[in-house]
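Accompanying notes for the structure given below.
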Amino acid sequence: MKVIQLHKNNTTLIKKAAKNDREAQQVLFDTHAPKMLSVCRYYVKDFQKAEEVMLNGFLKAFTHLKQFQDTGSFEGWLRKIMVREAISYLRQAKKIEFPVDDLESNQYQESYNNVHSNMDVAQIQQLIDELPEGYKIVFVMYAIEGYKHQEIADMLSITEGTSKSQLFKARKQLQQQLQVLNSSHYGTK
């Protein structure tokens, strides 16, 4: 078995991987796969499908690795590929719907409800998974990935108002779910 020295300089590793050095690609995969799988899992409920999305994302990343410019973080570049791949998968599976209201977008002001909970990550992920796909995608992109509403709108081919309304509805539904869980844990229900 050949041991690959961990590169202090990630740029060298990326350059080798761009030249189809399989060992360098394997190191990049092993280093980033756990985080990228969790990114895909945010969007795709089924673990095996999320894993498939991640693998397709890595294939695209390695195919286009020469296009990576060392101006930002490699992980951030890779993460964007995974998000786009997850959205593409959901579109192909026709799972994305964005319910439209008659309400104007300015009614969806940022609302926060500080519900304190002793939930673990798996429970929170389960609550997010129970959201309708449109709500879930916008919520994850905004609250977890840190995209702005305009970026979300551009990536999903929706309006900025639709993005805001989907986030508002997702938060409202999550807050209701948390309140039900918290009240049932404390025996008030």
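The values are calculated or read from the model by the stated rules, or taken from the named source; none is laboratory data. None of these values were measured; they are calculated from a predicted model. For neighbour counting, all protein chains shown are included, and Cβ atoms are generated from backbone atoms with ideal geometry for every residue, glycine included. Only protein heavy atoms, including side chains, enter the accessible area calculation; ligands, DNA and RNA are left aside. Shrake-Rupley method; radii C 1.70, N 1.55, O 1.52, S 1.80 Å.
Descriptive notes on the structure:
- Per residue accessible area in Å² of segment 6-93, where ligands, DNA and RNA are left out and the probe is 1.4 Å: 59 Å²
- Counting only protein heavy atoms and a probe of 1.4 Å, the accessible surface of segment 6-93 is 50% carbon and sulfur.
- The share of accessible area on segment 121-186 that comes from carbon and sulfur is 54 percent, using a 1.4 angstrom probe.
- Ranking ALA18, GLN67, GLY57 by how far each Cα lies toward the positive end of the dipole of segment 6-93 (charges on Cβ) leaves GLN67 at the top.
- Per residue, segment 121-186 exposes an accessible area of 46 Å² to a 1.4 Å probe, with every protein chain left in place.
- Here the convex hull built on the C-alpha positions of segment 6-93 has a volume of 88 cubic angstrom per residue.
- Cβ charges +1 (Lys, Arg) and -1 (Asp, Glu), total dipole of segment 121-186, debye: 260 debye
- Cross-link check: pairs LYS15/LYS94; LYS60/LYS164; LYS19/LYS148; LYS35/LYS148 evaluated at a Cα-Cα cut-off of 25 Å; pairs beyond the cut-off: LYS15/LYS94; LYS60/LYS164; LYS19/LYS148.
- All C-alpha to C-alpha distances of segment 121-186, sorted into 10 Å bins beginning at zero, yield P(r) values of 22, 49, 22, 6, 0 percent in whole numbers.
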